[in-house]
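**Student:** Below you will find the structure I want to go over with you.
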Amino acid sequence: MAILNSRPTFTPEERLRDLIDDNSSLLMCISRFGIPLGFGDDSVDVVCRKWDVDSPTFLAVANFLSNRPYNVSGISLEALILYLKSAHAYFIDFLLPGIREKLVKAIGDQKNDEVARLLITFFDDYVTEIREHMEYENNTVFNYIQSLIEKNNQPITIPSGLFSDRHDDVARKLNELKDIIVRYYPRGDANLMNSVLFDIISCEKDILNHCAVEDNLFEPAVRELEKELVNNVDLIRDQNKNSRSVNTIIGSLSDREKEIIRLVACGLSNKEIADTLFLSVHTVTTHRRNLSAKLDIHSPAALTLFAIINHLVDLNDIKSFISPK
């Protein structure tokens, strides 16, 4: 899926330094892809191959951030996940702590200034909020999709608006803090305060761009992978047709086996299934082995597809597995 724009698309043959000259903010982009400086006059393709970076994914991000046409269909979700996780680490471990340190210095003595304390508290609350947001994406969304790619190469439907619904307030508080300082806080070191404001404005823009990458590149790339689920439906049906009718297969399943299929589809491990059903892990393993023989299905992804197609599991149950609790 290519997104049209009036400016020409960056290509693999172009020098990476020319991309940076066009859009200096791409310095952050190359850093998050793990590309160090010192690439001379090498092309994008040469640099990406040298540092084992997926070139189509890098170009999709670079073109998007430069307001140029970009292509979602060539994106590697694995490469994009690494990029997004690197951005999260930059915000949480480097940029936001640095802004806080500078803000404390600019404000000065907080002991006798209630407004100063409230400003710091306001900023700290924002950092807590952004950290929880990014840790949720790292530990729940990204890791879930990564595990599906690595183990099964078949992600399961992700709720629409997974990112955009959570991004509305991500940068709003930084903008509010900036406005409060500009409009109502005449105290503190003027030079330091101006420097803090510049950092806050830059951080706000960077975070908004980051959220836009997730909304416009990552989530559509997930949708592309979801099409594979539809394409595999016929394969599962053909497997069933070659042996016995679907009704016969479903009828041969015990209630316990159906329950285990449902829990597998929801992403539970054998240990978690055993704990949920008050069984031993050995018993669950035996059930899983019998199901593989009975259905001629040997991977959790294929078993999940079988469960969805034959209404043994509600898709909402699977979605709830990746939703925040």
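**Student:** Does Arg166 fit the bill of being in a helix (DSSP H, G or I) and modelled with pLDDT under 80? Reasoning before the result, please.
**Tutor:** Numbers: in a helix (DSSP H, G or I): yes; modelled with pLDDT under 80: yes.
The answer is yes for Arg166.
**Student:** Sticking with this one: Out of the residues in the stretch 185-197 that are touching a residue at least 24 places away in the same chain (Cβ under 8 Å) and part of a helix (DSSP H, G or I), which is nearest to the chain's Cα centre (by Cα)?
**Tutor:** Our first condition is that a residue be touching a residue at least 24 places away in the same chain (Cβ under 8 Å); within the stretch 185-197, this holds for 185, 187-189, 192-193, 195-196.
With the extra rule that they be part of a helix (DSSP H, G or I), the set shrinks to 192-193, 195-196.
Numbers: Leu192: 35, Met193: 34, Ser195: 31, Val196: 29 Å.
By that ranking, first place goes to Val196.
**Student:** Output the residues belonging to the stretch 61-111 that are part of a helix (DSSP H, G or I) and touching a Ser or Thr at 6+ places or on another chain (Cβ under 7 Å). So that I can check it myself, show each step before the final result.
**Tutor:** In the first step, residues of the stretch 61-111 are kept if they are part of a helix (DSSP H, G or I); the result is 61-65, 77-107.
Within the stretch 61-111, Asn63, Leu65, Ala79, Leu80, Lys102 meet the criteria.
**Student:** Anything in the stretch 260-297 that is within 30 Å of the chain's Cα centre (by Cα) and under 19 Å from Asp314 (Cβ atoms)? List them, or say none.
**Tutor:** Ile260, Ile261, Arg262, Leu263, Val264, Ala265, Cys266, Gly267, Leu268, Glu272, Ile273, Thr276
**Student:** Residue under question is Glu78, and the condition is that it be closer than 22 Å to Lys205 by Cα, modelled with pLDDT under 95, surrounded by fewer than 18 Cβ atoms within 10 Å (Cβ to Cβ) and of a type in the set (D, E, K, R); does it hold?
**Tutor:** Working: closer than 22 Å to Lys205 by Cα: no; modelled with pLDDT under 95: yes; surrounded by fewer than 18 Cβ atoms within 10 Å (Cβ to Cβ): yes; of a type in the set (D, E, K, R): yes.
So Glu78 does not fit the description; no.
**Student:** Restricting attention to the stretch 253-307, and to residues there that are farther than 22 Å from Tyr144 by Cβ and outside any helix (DSSP H, G or I), which single residue is most open to solvent (accessible area, probe 1.4 Å)?
**Tutor:** Phe278
**Student:** Restricting to the stretch 93-114, count the residues that are modelled with pLDDT under 90, open to solvent by 60 Å² or more (accessible area, probe 1.4 Å) and touching a helix residue (DSSP H, G or I) at 6+ places or on another chain (Cβ under 9 Å).
**Tutor:** Within the stretch 93-114, residues that are modelled with pLDDT under 90, open to solvent by 60 Å² or more (accessible area, probe 1.4 Å) and touching a helix residue (DSSP H, G or I) at 6+ places or on another chain (Cβ under 9 Å) number 3.
**Student:** Right, here's the next one. What residue, of Ser55, Ser24, is without any contact (Cβ under 8 Å) to a residue 12 or more places away in the chain and hydroxyl-bearing (Ser, Thr, Tyr)? Can you show your working first?
**Tutor:** On the way: Ser55 fails: without any contact (Cβ under 8 Å) to a residue 12 or more places away in the chain.
Within the list Ser55, Ser24, the selection yields Ser24.
**Student:** Take the conditions within 25 Å of Val213 (Cα to Cα), at pLDDT below 90, open to solvent by 10 Å² or more (accessible area, probe 1.4 Å) and not charged (D, E, K, R) and apply them to Tyr90. Does it pass? I'd like the intermediate steps shown before the answer.
**Tutor:** Details: within 25 Å of Val213 (Cα to Cα): yes; at pLDDT below 90: no; open to solvent by 10 Å² or more (accessible area, probe 1.4 Å): yes; not charged (D, E, K, R): yes.
When the stated conditions are applied, Tyr90 does not pass them.
**Student:** Is it true that some residue in the stretch 34-49 is open to solvent by 20 Å² or more (accessible area, probe 1.4 Å), touching a residue at least 60 places away in the same chain (Cβ under 8 Å) and in a helix (DSSP H, G or I)?
**Tutor:** Taking the stretch 34-49 as the starting set, the residues that turn out to be open to solvent by 20 Å² or more (accessible area, probe 1.4 Å) are 34, 36-43, 45-46, 49.
Now narrow it down to the ones that are touching a residue at least 60 places away in the same chain (Cβ under 8 Å): none.
No, because not a single residue in the stretch 34-49 is open to solvent by 20 Å² or more (accessible area, probe 1.4 Å), touching a residue at least 60 places away in the same chain (Cβ under 8 Å) and in a helix (DSSP H, G or I).
**Student:** Answer yes if at least one residue in the stretch 198-220 is part of a helix (DSSP H, G or I), at pLDDT below 85 and open to solvent by 30 Å² or more (accessible area, probe 1.4 Å), and no otherwise.
**Tutor:** No.
The values are calculated or read from the model by the stated rules, or taken from the named source; none is laboratory data. What you are looking at is a predicted structure, and each value in this text was computed from that prediction instead of being measured. All Cβ positions, even for glycine, are placed from backbone atoms using ideal geometry, and neighbour counts span all protein chains on display. Accessible surface is based on the protein model in full, side chains and every heavy atom, while ligands, DNA and RNA are left aside. Shrake-Rupley method; radii C 1.70, N 1.55, O 1.52, S 1.80 Å.
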